[in-house]
Amino acid sequence: MLGTVLAGCADTSSGTTARNTEKVADAALGVGDYAEAARLYERATASAPRSVPALLGLGRAYGATGQFVRAQNALESALKVEPRNEQVLVELGHLQLEQMHPRDALEYYDKALKTDGRNKAALTGKGVALDYLSRHTEAQQVYQQALALYPTDFPLLSDYALSRVLSGNIGEGIRLMEQLLRDPSKGTTVRANMALAYALDGREADARAVMSGDMSGPDIDRTLAYYRLIRKDYLAGKPIGYMVFR
């Protein structure tokens, strides 16, 4: 009887230690110290190998450092514990997008949305994956569905604006981007999309001006040269999603 009690105490102590380690790892992940976060999540999963939060964090940390196989393995381990966990499914979708596998990403996002059709991250990711595949009409349907739920969400609006540009509605997309640029805290995040939109519209001087605060002159020249290639296919009516999101 005493041995059983002591074993129970040891299990509780181990679980508490793992949770404490996870909290420190979460903090490291939050500030972008991915190597330290991975090290701490590894320690947490060694103590609690079925901890979904620790496995999820480990997958995110590995993914952020480009260790995609290890990230996939960690996230799939989490999914074996909780097959319907939306966060894990969404993270697997993001991981596939990072590796330029939009069709695989769609499968994970759809699984997450079957569990919760209001999942904002899954809706956003699905829209991006569809735009990647140049399925812009479907992408915009997803964005509109999401914006009906989250009408002021900045990332959704930014991605929707880019989708409008890619589908040929350049003026409408640019107008929305120019409004988003006025956001004092997030506006600058839309600058890359604006530069592409201007370039597709043949406004290279405007595109150069948008990029000038973020890139060196030679980098801007290389980027504009690539945008000219995209614009050539764009004007010919060819799919360009894979060129934009590569």
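The values are calculated or read from the model by the stated rules, or taken from the named source; none is laboratory data. Note that the coordinates shown come from a computational prediction; the quantities given were computed from them, not determined experimentally. For neighbour counting, all protein chains shown are included, and Cβ atoms are generated from backbone atoms with ideal geometry for every residue, glycine included. Each accessible area value is taken on the protein alone, full model and side chains, heavy atoms only, with ligands, DNA and RNA left out. Shrake-Rupley method; radii C 1.70, N 1.55, O 1.52, S 1.80 Å.
Quote the charge dipole size of the chain about the Cα centre in Debye, to the nearest 20; the model charges only the Cβ of Lys and Arg (+1) and of Asp and Glu (-1).
260 debye
For an R0 of 45 angstrom, estimate the FRET efficiency from the Cβ-Cβ distance between GLU107 and ASN20 and round to the nearest 0.05.
Once rounded, the FRET efficiency stands at 0.80.
Which entries of LYS23/LYS120; LYS80/LYS238; LYS23/LYS111; LYS80/LYS120 show an alpha-carbon separation above 31 angstrom in the structure shown?
Where the Cα-Cα span goes over 31 Å, the pairs concerned are LYS80/LYS238.
Could you work out the local net charge near ARG228, counting Lys and Arg as +1, Asp and Glu as -1, over the other residues with Cβ closer than 12 Å to its Cβ?
With Lys, Arg at +1 and Asp, Glu at -1, the net is 0.
Cut-off under 13 Å on the C-alpha distance; same-chain residues fewer than 8 positions from LYS114 excluded. Which aspartates and glutamates are left, in chain and number order?
In chain and number order, the partners are GLU86.
Give me the number: length gained by fully extending ALA192 to ASP219, i.e. 0.36 nm times residue separation minus the C-alpha to C-alpha distance, one decimal in nm.
That pair, ALA192 and ASP219, stretches by 8.4 nm at full extension.
How large, in percent, is the carbon and sulfur part of the accessible surface of the chain at a probe radius of 1.4 Å?
52 percent
Which one, ALA54, LEU113, LEU75, projects farthest toward the positive side of the charge dipole computed for the chain from Cβ point charges (K/R +1, D/E -1)?
LEU113
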